[in-house]
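Below is one structure, written out as structure tokens; the observations come after it.
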């Protein structure tokens, strides 16, 4: 379903990686591993179409993602290392706006439920600016409970989370895969996520 | 699905409402700059009313420009811009919503305040009306063109000054037609030609600027 | 026979080719300049109204022409670079910008030098001078944007987009300035009212324009070679080149 061929990425005049290719099918989970600076985040951004690869192409159902951007993007949820939250809006407002922007109409109750799922329902009406780093991360991740996308691309989702939240998130990811979803993830933590197939992509400088 | 731009518009207006001081800054800037000229030139009504069209238009143009750097900067640094880029909607449409919000928050108050300042400059009533009309037709073009500059300089060091350097030359036609309209009505001539040209500038930038801005955003986020 | 144009679009093959082309264009520039200056200063007749001072138009007008042509050429290279993702095109655009800015400045300075004996003022808000001034701002904006972005690829793309926006705007700006100029009784001061063109004068101007053009090509090629070396310093071909230069220098000493 998602396929990449011969990807190369250049930052400045440094070649981060080249000849990266993989195939990810429904229910599949892919870990992207590598040292700091090996280009994990760049690879994820490249898969989302935020970066243009120096060489190579990413295909979604056999079509290049650039050709078919809107269809691809409606199947994509990306949570990068930036949370994409506005400090002046409440957690609830942030969540509803980002879900609607992704083409996903949600009512207040659904949004509250997803905040409750990751254990921050009591922060729902606080402006995000006053929350701690871990709480902000959880507000961003709450989108995953609203997402109807097939493909999730997550950059270090477990960082800054406490043990309980890590487990809740891992369970949610497992659920996504059992429904035929796909996940591409970078992480430094050992977390058990169940998937129909699991693969590892190692980037080396 | 097509309502995504309304969501962005509402969001930006809500954010501006929560940060009212930012809006006030633009307005105060316009007020102060246009009050400085009489202090530098002298209170003679004849002189003031002859320089009024140019001064008020330049002040409006600068006020719009200083607020431009904020247009995408916050979204860029907190990651919401990335989310807009990968939203399944045409980016140009979302850009248009953001620019519209910027104009409502920074452009419209200036348009509404302008006649008061025009009174300080001893502008006659017809000229005041033309001033408001010309600002109403011209300031959208300023916001639209300015957005291209703001998108190009996103995350670049010294972006505030750089935006001025990039955008001010492109503002010249709007300035000429806008100030010209007011001057024409002061001299008892019809301002219609000027106003039509202003509207044409705004329409042209309405069509082209969001596309250019969207392309610039993709370049800057890479 | 099919020529593989893309072969020449790679910096590696273009670098030596440009090196061979530079002397040709430089010599052509020198020859045209000598011929053009001879016609302008020795053969063209003295103007009965403006005296000898009018001769500055032999520099002013071609410089003004070039300043506009270079902007358009620069935008075309930039657009090509953006459309085809071709590195060389973007480098050409970057290499042309300073030369364009210099010609714009030259047109401004010669214009004001001409203005002094004609109207007794160093600067008049004449339509052409004003447009040239705005064109200078556009060039400076392009150069400033490119030099303040660290990542060369982003700088290329951002510059290209700015050049395209500029090219769409140039005719609008030019029209608006003309309109402004005629409205403000500027018609008595008009650089367009140059002395009636004699055939020799036209020839002089054309030769000067050709000289400027050849100069532009030569200088842009020199600059693009520098940009290539700087950008591609980590590639093999530049390393090989610097090694071979070092070894020949070693032989000489």
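The values are calculated or read from the model by the stated rules, or taken from the named source; none is laboratory data. Treat the numbers as computed from the prediction; the structure is a model and nothing was measured. Every residue, glycine among them, receives a Cβ derived from its backbone with ideal geometry; neighbour counts consider all protein chains shown.
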Restricting to the stretch A:60-84, give me the number of residues that are at positive phi and either buried (at least 17 other Cβ atoms within 10 Å of the Cβ) or within 7 Å of chain B (Cβ to nearest Cβ) (or both). 1
Given the conditions (1) at pLDDT below 90; (2) part of a helix (DSSP H, G or I); (3) within 14 Å of chain A (Cβ to nearest Cβ), and given that residue B:13 satisfies all but one, which numbered condition is not satisfied? (1)
Would you mind stating whether residue A:49 is assigned by TED's automatic domain parsing to the domain that holds residue A:3, closer than 26 Å to residue C:85 by Cα, in contact (Cβ under 8 Å) with a residue 24 or more places away in the chain and in a loop (DSSP other than H, G, I, E, B)? yes
Surrounded by 19 or more Cβ atoms within 10 Å (Cβ to Cβ), closer than 24 Å to residue B:198 by Cα, facing chain B (nearest Cβ under 9 Å) and modelled with pLDDT under 90: does that describe residue C:165? no
Report, by residue number, each residue of the stretch B:76-95 that is surrounded by fewer than 22 Cβ atoms within 10 Å (Cβ to Cβ), touching a helix residue (DSSP H, G or I) at 6+ places or on another chain (Cβ under 6 Å) and part of a loop (DSSP other than H, G, I, E, B). B:88
Can you pull out every residue in the stretch C:145-161 that is at the interface with chain B (Cβ under 10 Å from one of its Cβ atoms) and buried (at least 19 other Cβ atoms within 10 Å of the Cβ)? C:145, C:149, C:153, C:154, C:155, C:156, C:157, C:158, C:159, C:160, C:161
Failed item in (1) within 19 Å of the chain's Cα centre (by Cα); (2) more than 14 Å from every other protein chain (Cβ to nearest Cβ); (3) assigned to a helix (DSSP H, G or I), with residue B:73 passing the rest: (2)
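Can you say whether residue A:10 is surrounded by 16 or more Cβ atoms within 10 Å (Cβ to Cβ) and part of a strand (DSSP E or B), as far as the supplied structure shows? Walk me through it before giving the result.
Working: surrounded by 16 or more Cβ atoms within 10 Å (Cβ to Cβ): yes; part of a strand (DSSP E or B): yes.
Here the answer is yes, as residue A:10 does meet what is asked.
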Hey, can you tell me all the residues within the stretch C:54-85 that are part of a helix (DSSP H, G or I) and surrounded by fewer than 15 Cβ atoms within 10 Å (Cβ to Cβ)? C:72, C:83, C:84
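Would you say residue B:196 is in contact (Cβ under 8 Å) with a residue 12 or more places away in the chain and either farther than 21 Å from residue C:138 by Cα or more than 8 Å from every other protein chain (Cβ to nearest Cβ) (or both)?
Taking the combined requirement at face value, the residue does not satisfy it.
Yes or no, residue by residue, for (1) in a loop (DSSP other than H, G, I, E, B); (2) at the interface with another protein chain (Cβ under 7 Å from one of its Cβ atoms); (3) in contact (Cβ under 8 Å) with a residue 40 or more places away in the chain; (4) surrounded by fewer than 22 Cβ atoms within 10 Å (Cβ to Cβ):
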| position | (1), (2), (3), (4) |
| --- | --- |
| A:35 | yes, no, yes, yes |
| A:42 | no, no, no, yes |
| A:58 | no, no, yes, yes |
| A:86 | yes, yes, yes, no |
Listed by first then second residue, the pairs whose first member lies in the stretch C:4-17 and is within 14 Å of residue C:89 (Cα to Cα), whose partner is at pLDDT below 85 and not in a helix (DSSP H, G or I), with beta carbons under 9 Å and at least 6 positions apart or on separate chains, are C:6/C:86; C:9/C:86; C:11/C:232; C:11/C:235; C:12/C:232; C:12/C:235; C:15/C:232
Quick one: would you say residue A:200 is touching a residue at least 24 places away in the same chain (Cβ under 8 Å), touching a strand residue (DSSP E or B) at 6+ places or on another chain (Cβ under 8 Å), assigned by TED's automatic domain parsing to the domain that holds residue A:34 and closer than 19 Å to residue B:79 by Cβ? no
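Could you go through the stretch A:124-147 and let me know if any residue there is within 28 Å of residue A:21 (Cβ to Cβ) and within 14 Å of chain B (Cβ to nearest Cβ). Outline the logic, then answer.
Filtering the stretch A:124-147 for residues within 28 Å of residue A:21 (Cβ to Cβ) gives A:144, A:147.
Okay, now just the ones that are also within 14 Å of chain B (Cβ to nearest Cβ), so A:144, A:147.
The answer is yes; a qualifying residue exists.
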Which numbered condition trips up residue B:39, out of (1) within 14 Å of chain A (Cβ to nearest Cβ); (2) assigned to a helix (DSSP H, G or I)? (1)
Out of (1) under 26 Å from residue C:200 (Cα atoms); (2) in a helix (DSSP H, G or I); (3) in contact (Cβ under 8 Å) with a residue 40 or more places away in the chain, the one residue C:34 does not meet is (3)
Of these, A:116, A:91, A:124, which one is crowded, with 20+ Cβ neighbours inside 10 Å and not assigned by TED's automatic domain parsing to the domain that holds residue A:4? A:91
